[in-house]
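The values are calculated or read from the model by the stated rules, or taken from the named source; none is laboratory data. Bear in mind the structure is a predicted one, so any value in this text is a computation, not a measurement. Cβ sites come from the backbone with ideal geometry, for glycine too, and all protein chains shown count toward neighbours. Side chains included, ligands, DNA and RNA excluded: accessible areas come from the protein's heavy atoms. Shrake-Rupley method; radii C 1.70, N 1.55, O 1.52, S 1.80 Å.
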Amino acid sequence: MIIGVPKEIKNNENRVALTPAGAAELTKRGHEVYIQATAGMGSGFTDEEYVSAGAQMLPTIEDVYGKAEMIIKVKEPIEPEYELIREGQLLYTYFHFASSEALTNAMLRNKSVCLAYETVELPDRSLPLLVPMSEVAGRMSVQEGAKYLEKTYGGRGMLLGGVPGVHPAKVLIIGGGIVGTEAAKMAAGLGADVTIMDVSLKRMRYLDDIMPANVKTMMSNEFNIRKMVEDHDLIVGAVLIPGAKAPNLITRDMLKTMKPGTVLVDVAIDQGGCIETTRPTTHDDPTFVIDDVIHYSVANMPGAVPRTSTLALTNATLPHAIDLAEKGWKQACREDNSLKKGLNVVDGKVVYKGVAEAFGLTYYDVDSVL
């Protein structure tokens, strides 16, 4: 198969979808790998390393899209890429379709095959290609939140862990999945007073067992959220419904009950956000203020730590990339039900229910396209 890896062009996106090690694994199996020049530089991989691994370099993004049968990316295509994608071309990347009607319509029009990292799902309902970036984003949410709590950035002027004789900051994490768990680990390690909210008693029992004494659990419902946001300094939105738009758990009216300088970090922004007042921001301009509350909602948080993120992501995505290259997408998805769940849009049809429901589109059973 002819595989193309374009350079990411989203704002401050420095990750790359394939490392030189991954290129070597694919080329030794007889596949052609084309990398856009300097695509790996942001993650610390030189063009020479890719060439040594057997890949070939192409100068422009147009060349890569024009040559490849399968495009491997990190982030969803953005508008300048829409017209470069061909009918029948396989795109293997994060899409988060439910948060972007424009992207969904563009992929329907070009009749490409869109296999989304974020909806590949194992029998235990875990999301193996989303987990690595959820781990990074969860840890970063506290790192960034702690920074914006500083007065320099408009925050309350709180040190997350406090000092002897001074109480630590209070951190509220809504969602006890991978993002929430990693956020809690970081906040707890820094000495904060942490509460995780979730709707699953089973999950909260697990978290209660593994977390240190400065982490508490609480049932997530509107009554409890309204009460908790009043006196917490850093609030992390960490809710995910696979393939669907995130629910708004913190509403506009709740902001007026928060203390001035409170920091909100919405990690669910890729899926539309779980805080009503958030909108996607960039690493160039990461925050905005509403009602004296700081909102941080960068849509590609792991892009700020690309070396770690690229290695973590490609550890998970490469085995499936090899399967797709060896067998073709139809056979690979027929043989692997988890990979089949990654199919979202195929040949102008929406084959993932959460995406169809988000925009009132016709849903086609995925088996109808295989």
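Annotations
- Filter result for ALA312 (open to solvent by less than 50 Å² (accessible area, probe 1.4 Å), assigned to a helix (DSSP H, G or I) and out of contact with any Gly (no Cβ under 7 Å at 6 or more places or on another chain)): yes
- Of the residues making up the stretch 97-125, those that are open to solvent by 40 Å² or more (accessible area, probe 1.4 Å) and either farther than 20 Å from GLU13 by Cα or aliphatic (A, V, I, L, M) (or both) are GLU101, ALA102, ASN105, ARG109, LYS111, LEU122, PRO123, ASP124, ARG125.
Each row is one residue, and each column tells you yes or no for (1) within 17 Å of GLU8 (Cβ to Cβ); (2) at pLDDT 95 or above; (3) among the aliphatic types (A, V, I, L, M).
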| site | (1), (2), (3) |
| --- | --- |
| SER297 | no, yes, no |
| ALA321 | yes, yes, yes |
| LYS330 | no, yes, no |
| VAL346 | no, yes, yes |
| GLY354 | no, no, no |
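- Filter pass, ARG279 being in a helix (DSSP H, G or I), open to solvent by 10 Å² or more (accessible area, probe 1.4 Å) and out of contact with any Lys or Arg (no Cβ under 7 Å at 6 or more places or on another chain): no
Every residue, every condition in (1) under 14 Å from the mean Cα position of the chain (by Cα); (2) open to solvent by less than 10 Å² (accessible area, probe 1.4 Å), yes or no:
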site: THR251; (1), (2): no, no
site: MET258; (1), (2): no, no
site: ASP266; (1), (2): yes, yes
site: ASP284; (1), (2): no, no
site: ALA304; (1), (2): yes, no
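- Of the residues making up the stretch 128-139, none is open to solvent by 20 Å² or more (accessible area, probe 1.4 Å), more than 17 Å from the chain's Cα centre (by Cα) and either at pLDDT 95 or above or of a type in the set (Ser, Thr, Tyr) (or both).
- The residue list TYR50, TYR34 contains one member that is assigned to a strand (DSSP E or B) and either within 15 Å of THR310 (Cα to Cα) or open to solvent by less than 50 Å² (accessible area, probe 1.4 Å) (or both), which is TYR34.
- Filtering LYS202, LYS227 for residues that are out of contact with any helix residue (DSSP H, G or I) (no Cβ under 9 Å at 6 or more places or on another chain), under 21 Å from HIS295 (Cα atoms) and either without any contact (Cβ under 8 Å) to a residue 24 or more places away in the chain or among the polar types (S, T, N, Q) (or both) leaves a single hit, LYS227.
- Whenever a residue of the stretch 148-162 is assigned to a helix (DSSP H, G or I), its partners that are polar (S, T, N, Q) and surrounded by 16 or more Cβ atoms within 10 Å (Cβ to Cβ), lying with C-beta atoms within less than 7 angstrom and at least six residues away or across chains, give the pairs TYR148/THR287.
- Residue check for SER126: in contact with a strand residue (DSSP E or B) (Cβ under 6 Å, 6 or more places away or on another chain), more than 18 Å from GLY237 (Cα to Cα) and among the polar types (S, T, N, Q): no
- Taking each residue of the stretch 355-370 that is under 16 Å from PRO242 (Cα atoms) and in contact (Cβ under 8 Å) with a residue 60 or more places away in the chain and looking for partners that are of a type outside the set (Ser, Thr, Tyr) and surrounded by 16 or more Cβ atoms within 10 Å (Cβ to Cβ) with beta-carbon atoms closer than 6 Å, six or more apart or interchain, yields VAL355/PHE97; VAL355/ALA98; VAL355/ASN344; ALA358/ALA98; ALA358/LYS245.
- Restricting the stretch 318-350 to residues that are assigned to a loop (DSSP other than H, G, I, E, B) and under 21 Å from ARG86 (Cα atoms), the residue that is least open to solvent (accessible area, probe 1.4 Å) is GLY342.
- Pick from the stretch 152-165, criterion within 21 Å of VAL194 (Cα to Cα) and out of contact with any helix residue (DSSP H, G or I) (no Cβ under 6 Å at 6 or more places or on another chain), ranking: most open to solvent (accessible area, probe 1.4 Å): PRO164
- Options THR277, THR282; residue that is of a type in the set (Val, Ile, Thr) and touching a residue at least 60 places away in the same chain (Cβ under 8 Å): THR282
- Matching residues in the stretch 351-370 - criterion: being part of a helix (DSSP H, G or I) and open to solvent by 40 Å² or more (accessible area, probe 1.4 Å): LYS353, GLU357, ALA358, PHE359, ASP367, SER368
- Candidate set from the stretch 63-96 (those that are assigned to a helix (DSSP H, G or I) and either open to solvent by 10 Å² or more (accessible area, probe 1.4 Å) or at pLDDT below 95 (or both)); member that is farthest from LYS349 (Cα to Cα): ASP63
- Meeting the requirement of 3 or more residues that are among the β-branched types (Val, Ile, Thr), the strands (runs of 3 or more DSSP E) wholly within the stretch 169-253 are 170-174, 193-198.
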